[in-house]
Amino acid sequence: MRAVDLAIYADTLAGEHAALAARAEQARSRLREAAIEWDARGHLQPRTVKQLESLGILGGIDERTARTELRRLERALAAVEELQAWVESRLADERDDGYALSACSGQRGVSATSRPPSES
């Protein structure tokens, strides 16, 4: 496996992780909003609650669904993190192998398979 391929894949995984983390934070935010709504219901007039519900301002959050989604996203994040760790480990191994090759060729930082720059 080439180090560049692993690095590109690591970047892709980082993007996936960021997207999942953002979705998990949105689910947490919905749960916080649901808690605020629940507390507000106890302090508002019943007719006000009904009016806010009819407008879709209160009661639009299904806590059960949000909690289920959050658990699913947290499991997905853990799986992506495990894969990221494996890819990073492989990437480190590939880089170490590359440094070993360059040390054998007598030129530090240049791989044994590199070509000299073209003359222009």
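Approximating the spin labels as points 7 Å out from Cα along Cα→Cβ, the ARG71-to-THR48 distance works out to 3.5 nm. The alpha carbon radius of gyration of the range 3-105, expressed as a multiple of 2.2 N^0.38 Å, is 1.80. Between ALA35 and GLU88, the FRET efficiency from the beta-carbon distance, with R0 = 35 Å, is close to 0.40.
Taking the range 5-93, which GluC sites (Glu not before Pro) meet the DSSP loop condition and have no more than 11 other C-beta atoms within 10 Å?
Working: sites: GLU16, GLU25, GLU33, GLU37, GLU53, GLU63, GLU69, GLU74, GLU81, GLU82, GLU88; in loops: none.
The qualifying sites: there are none.
Just so you know, all these numbers are worked out from the coordinates, no wet-lab data involved. In this text the structure is predicted, and so the values were computed from the model without any measurement. Note: ideal-geometry Cβ built from the backbone for every residue, glycine included; neighbour counts use all protein chains shown.
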